[in-house]
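The values are calculated or read from the model by the stated rules, or taken from the named source; none is laboratory data. This structure is a prediction, so every number in the text was calculated from the model and none was measured. Using ideal geometry, Cβ is built from the backbone for each residue, glycine included, and neighbour counts are taken over all protein chains shown. Note: accessible area is taken over every heavy atom of the protein model, side chains too, but ligands, DNA and RNA are not part of it. Shrake-Rupley method; radii C 1.70, N 1.55, O 1.52, S 1.80 Å.
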Amino acid sequence: MAAKMIVGLVVVWMLVAVATTSTEASVSCSTVASDLSPCYSYLANGGTPSSSCCSNIKSLYGSATTNADLQSLCTCLKQLYSSYGSSINLTYVEDVASKCDVDVPYKISPSTDCSSV
């Protein structure tokens, strides 16, 4: 009887562990910053984003498969904008995804509420 209870508790614990792990974001801010480095010239000066910029944006949003991922990505983008805000143009920030033909399910902006993404 005690063995069945222990096995049952282990199974419940494993299910909780799997559920908790699946809601963690897979996108780190350091990855976002690194992946967006080819975009900084466009974000500061406009024009056309480089192919590596667009490729990296597609990859970032392609890897964001859960709401937690999208919220994490949104938060990282806002933090990056806060860090580089004076050297980049908000209009270019808001337009870069569409210029790269990437569908982003929220407005890329410092005013975006990432918790509602």
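The residue that is farthest from Ser50 (Cα to Cα), among those in region 65-106 that are charged (D, E, K, R) and open to solvent by 30 Å² or more (accessible area, probe 1.4 Å), is Lys78. For region 60-93, the tally of residues that are over 13 Å from Ala33 (Cα atoms), within 15 Å of the chain's Cα centre (by Cα) and in a helix (DSSP H, G or I) stands at 9. Count of region 55-64 residues, restricted to those that are closer than 12 Å to Cys29 by Cβ and open to solvent by 20 Å² or more (accessible area, probe 1.4 Å), is 0. Among the residues of region 101-110, those identified as of a type outside the set (Val, Ile, Thr) and under 16 Å from the mean Cα position of the chain (by Cα) are Asp103, Pro105, Tyr106, Lys107, Ser109, Pro110. Checked against the criterion of being modelled with pLDDT of 50 or more, surrounded by 10 or more Cβ atoms within 10 Å (Cβ to Cβ), under 11 Å from the mean Cα position of the chain (by Cα) and in a helix (DSSP H, G or I), region 42-54 has no qualifying residue. With respect to the conditions (1) modelled with pLDDT of 95 or more; (2) closer than 16 Å to Val93 by Cβ, Leu60 falls short on a single one, namely (1).
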